Each structure stands twice: as C-alpha cells, then as structure tokens.
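All remarks here apply to the structure that follows.
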Amino acid sequence: MGKIKTFFEDFKAFALKGNVLDMAIGVIIGGAFQTIVAALTENLINPIIGILMQTNLDNVAWDVFGDGRLVFGFGAFLSAVINFIIMAFVLFCIVRFARKLMELGKKEEAEAPAAPAGPTQEELLAQILDELRSQNAAMAK
C-alpha cells in the first residue's frame, strides 16, 4: 500500500509542475488548432486546387492498372502535406515571436543602469591613512 501511495505522490508532484501543465495546455490548443487548419484545407484550399484539376484534391489518384486494384491516392497525401506546411509555418511564427519577446525582456534587463562602483579597498585604506595623518598633524600643532 505504501508503494502505491508513494507512486501517486510522485505522479502528483510531476503532473503539477508548471512546465508539464503548460505543455498539456499547448498540446490541447495545438490539437484544436489542427482541427481549424484541417477545416481550412478541406473546405477552402482543396476546392481551389480542385478547380484547377477539375476534381476534389482528395479524389486525385492514379490507378496503375486501370482496374482499381492498385490505386495511389496521392491527393489525400498532398492535402496532409498542405496541413503540415500550414501548421509548421504557424508554429514557426509563434516561436519567432516568443524569442523576440524574450530578447526584448533581456534587453530591458541589460539596459538597467548598473550600480556605481564603490571605491576599492586600497582607495578606502588610503583615505583612512590620509585622515589619520591630518588628525596627527592637527594634534601636533
């Protein structure tokens, strides 16, 4: 029973880490966005390409022997490639935007004025020595 409890405690610690939750949210949003991209491809891009080919892109195929036994359905493959290219482009834009935001944050940190450098130990000791000398000279008079 103790091993099971330890297992679930370890799983809870893992699952509730910020990075894992962020990744899970990203996967869910990515899946939803994939649905939008698939709808865009199927309902807008494929018909436009289909106008040029005079058939729906998903139906474009090559029947090798003409009897329907060996058919290469490359239209559906091209549709999947178009989906991939759109998703890759959007992810590229998101990553590029995020990098620019991160660089902007780093520049703001770097532009913050540095604290003025204080005197070195040797300079402080020299000032103390000068002060002691001046006090000794004043006492000797």
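Just a few scattered comments:
- Within segment 69-81, at least one residue is among the polar types (S, T, N, Q) and surrounded by 12 or more Cβ atoms within 10 Å (Cβ to Cβ).
- Residue match in segment 14-33 (condition: charged (D, E, K, R) and free of Cβ contacts under 8 Å to residues at least 12 places away in the same chain): yes
- Verdict on Ala126 being over 41 Å from the mean Cα position of the chain (by Cα), at negative phi, surrounded by 10 or more Cβ atoms within 10 Å (Cβ to Cβ) and assigned to a helix (DSSP H, G or I): yes
- Subset tally (residues that are surrounded by 11 or more Cβ atoms within 10 Å (Cβ to Cβ) and outside any helix (DSSP H, G or I)) for segment 18-57: 2
Any read-out appearing in this document is the output of simple, stated calculations on the displayed coordinates, not a laboratory observation. Computed from a prediction, not measured in an experiment: that's the story for all the values here. FYI the Cβ positions are ideal-geometry reconstructions off the backbone, even for glycines, and counts take in every protein chain you see.
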